[in-house]
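This report concerns only the one structure given below.
The values are calculated or read from the model by the stated rules, or taken from the named source; none is laboratory data. Remember, predicted model here, so these are calculated numbers, not experimental data. Neighbour counts run over all protein chains shown; Cβ positions are idealised from the backbone, glycine included. Side chains are part of the model used for accessible areas, which takes the heavy atoms of the whole protein and leaves out ligands, DNA and RNA. Shrake-Rupley method; radii C 1.70, N 1.55, O 1.52, S 1.80 Å.
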Amino acid sequence: MVFLAEALVQFYQTALHTELVKKLPRPVEAVMNTPSHHRVHHTTNSKYIDKNYAGIFIIWDKMFGTFAEEDEKVRFGVYPRINSVNPVKVFFHGFVKLGSQIWNAPSWSYRFKLLVKPPIWALEQEQKAKAEMASKQPA
């Protein structure tokens, strides 16, 4: 049953990866993850970062505050950009980066936060640290 359920989810996920389907009828868009919702998940538009994680039902994103409606042209990719089209590098890039962040983290508390906070949190922390370092530099 588990493998059957996983196969169904993967089939559904594959169907979501299209630009041919724009919007589906409102009742479907309200409950189900649709190609429009899923495009948002794959964009680098700042308003869409860390949005629309749903596999099949978009209601979970609506409940947890991670839903965004597609209302502007999407720019596909990941943020920050990966300068490679090698599928192995692209697949493992996130794991390698997270491992490096955990290894170099200043405290166990920070390490824990890397695992439970959204990815944008780590980027914000890096930006704050850079700003603090720049402010401490002698002019």
Task: Matching residues, region 103-122, being closer than 21 Å to residue 49 by Cβ and either open to solvent by 60 Å² or more (accessible area, probe 1.4 Å) or in contact with a Leu (Cβ under 9 Å, 6 or more places away or on another chain) (or both) - done: 113, 114, 115, 116, 117, 118, 119, 121, 122
Task: Filtered residue count, region 84-95, keeping only those that are farther than 21 Å from residue 39 by Cα and open to solvent by 100 Å² or more (accessible area, probe 1.4 Å) - done: 3
Task: Residue, modelled with the highest pLDDT, within region 1-52, restricted to residues that are of a type in the set (A, V, I, L, M) and under 23 Å from residue 123 (Cβ atoms) - done: 40
Task: Single residue of region 32-72 satisfying the filter (touching a Phe, Trp or Tyr at 6+ places or on another chain (Cβ under 6 Å) and assigned to a helix (DSSP H, G or I)) that is surrounded by the fewest Cβ atoms within 10 Å (Cβ to Cβ) - done: 61
Open item on the list: Between 32, 63, which is of a type in the set (A, V, I, L, M, F, W, C) and under 17 Å from residue 13 (Cβ atoms)?
Closed with: 32
